[in-house]
Amino acid sequence: MDRAAALGVRDRTFLREQREHLAAQWEQTTFALGETVLHGDAHMENLLMTSGGRWAFVDPEAVRVGPPEWDPTLSALYYECGWFTEHGYATSAETYGYDVRLGSAWPALRQIRMLRMTLWLAQSADTDAQRQRQLTHRLITLRDGSAPAGWTGF
């Protein structure tokens with residue numbers, strides 16, 4: 001957040017408050033699936049097919065132990081953004097063996113992921129007008145509760 005030149009003081013304050021609120025919410029969240037090793041950034045661009053025909057995740061920099069609900073949250077949010085089709089998301093959830101949207105942790109996970117997606121975008125929005133417009137839109141929708149309506153991917 002501190003390195004994101006595209007963020008003004010008001011936005012930084014809002015995002016810090018969101019981060020603090022979500023950190024407290026995380027502490028109160030109950031995860032149904034226990035803990036396991038997570039990829040941490042599980043999305044389609046980090047999934048490649050090996051020469052042997054198996055799917056494998058790459059980009060393991062965020063691997064850690066935590067609640068298994070974390071990894072499929074990104075796919076569920078991509079579906080909400082309209083970046084995955086209904087069939088694509090259903091296949092993803094079926095393959096994972098769990099639809100994270102049905103668990104009690106979903107509201108907290110969803111909000112945390114949206115905050116992270118916004119902060120990721122903020123890091124590169126200062127030199128790109130399209131990204132700046134999308135960042136402004138994300139901040140508006142986070143504030144008014146309509147997120148992720150109208151979010152675009154990069």
* To do: Write out the chymotrypsin sites (Phe, Trp or Tyr not before Pro) in the range 1-42 meeting two conditions: DSSP loop, and at most 11 other Cβ atoms within 10 Å of their Cβ.
  => none
* Asked: log₁₀ I(q)/I(0) of the range 33-103 at q = 0.19 Å⁻¹, via Debye over equal Cα point scatterers, no solvent, to two decimals?
  -> -0.81
* **Largest-first ellipsoid semi-axes for the chain, taking √(5λ) over the Cα gyration tensor eigenvalues, angstrom** => 27, 19, 15
* Scan the chain and hand back the longest stretch that contains none of the trypsin sites (Lys or Arg not before Pro) lying in DSSP loops with at most 14 other Cβ atoms within 10 Å. => 55-154
* Asked: In terms of the ratio Rg/(2.2 N^0.38 Å) built on C-alpha atoms, what value belongs to the range 1-64?
  -> 1.63
* Extension gain, Val63 back to Leu33 (0.36 nm per residue minus Cα-Cα distance, nm) -> 9.1 nm
* **Test item: Cα-centred dipole of the range 33-103, Lys/Arg +1 and Asp/Glu -1 on Cβ, debye** => 160
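Provide the net charge surrounding Thr36, with neighbours chosen by a C-beta distance below 13 Å and charges set as Lys +1, Arg +1, Asp -1, Glu -1.
-2
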* Working out 0.36 nm times the residue gap between Ala23 and Leu102, then minus their Cα-Cα distance, what length gain in nm do you get to one decimal? -> 26.3 nm
* To do: For the range 1-55 and the range 70-133, compute the distance between their C-alpha centroids and round to whole Å.
  => 9
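Readers should treat all values here as calculations from the given coordinates under stated rules, not as data from a laboratory. It should be emphasised that the depicted structure is a prediction, and the values quoted were computed from it without experimental measurement. Please note: Cβ atoms are built from the backbone with ideal geometry, for glycine as well, and neighbour counts cover all protein chains shown.
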